[in-house]
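Before any comments, here is the structure.
The values are calculated or read from the model by the stated rules, or taken from the named source; none is laboratory data. The structure displayed is predicted, hence computed values, not measured ones. Cβ placement follows ideal geometry from the backbone for every residue including glycine, while neighbour counts extend to all protein chains displayed. Surface accessibility is based on the protein's heavy atoms, side chains included, excluding ligands, DNA and RNA. Shrake-Rupley method; radii C 1.70, N 1.55, O 1.52, S 1.80 Å.
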Amino acid sequence: RIGVPALRLLALFQAPLTVAIVSLHTLRGAGETRFPMWVTLIGGFGIRLPLAYLGGIVLNGGLIGAWIGMCGDMLFRAVVLFARYLHGGWVHKSV
């Protein structure tokens, strides 16, 4: 019973997760590896963990509060990585 609302929340973020995964691997496949690495580190340690701690423990949100941190990270990665893809600077990288 506790996991059902969390899974419903996660279902809303499947599109940003897909955009983040495809953008990440597109950039990495094109030779752009450092930028995706930094986005992943910043998203995980700078967004996911603090938001999960804040929502899950500080604000007593429990599982849903913690998963909000994960969803925030997915949204951040999707926006930043897709913006980098659209920017096109990765086209000039040599592999």
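For the stretch 57-72, backbone phi angles converted through the Karplus equation (6.51, -1.76, 1.60; θ = phi - 60°) give residue-by-residue couplings of 10, 5, 8, 6, x, x, 4, 4, x, 5, 6, 4, x, 5, 5, x Hz, Gly and Pro being listed as x.
Taking the C-alpha atoms only, the angle from helix 3-12 to the longest principal axis of the chain is near 30 degrees.
Quote the relative contact order of the chain in percent (integer), defining contacts as alpha-carbon pairs under 8 Å separated by 6+ residues.
On the way: 106 pairs, mean separation 37.3, N = 95.
Relative contact order for the chain comes out at 39 percent.
Ratio to report: Rg/Rh of the chain, with Cα atoms as the point set and Rh obtained by the Kirkwood method; give two decimals. Each step should come with its number before you reach the end.
Values: Rg = 15.1 Å, Rh = 14.0 Å.
Ratio of gyration radius to Kirkwood radius: 1.08.
Measuring nothing but alpha carbons in the stretch 40-95 and taking Rh as the Kirkwood radius, the Rg to Rh ratio lands at 1.21. For the stretch 81-87, putting each phi into the Karplus relation 6.51 cos²θ - 1.76 cosθ + 1.60 with θ = phi - 60° gives couplings of 5, 5, 5, 5, 4, 5, 4 Hz, in residue order, rounded to whole numbers and with x for Gly and Pro. Highest mean packing first, where packing is the average number of other Cβ atoms within 10 Å per residue, the peptides 72-84, 14-26 line up as 72-84, 14-26. Accessible area per residue (1.4 Å probe, heavy atoms of protein chains only) ranks 27, 41, 7 as 7, 41, 27, with the largest value leading.
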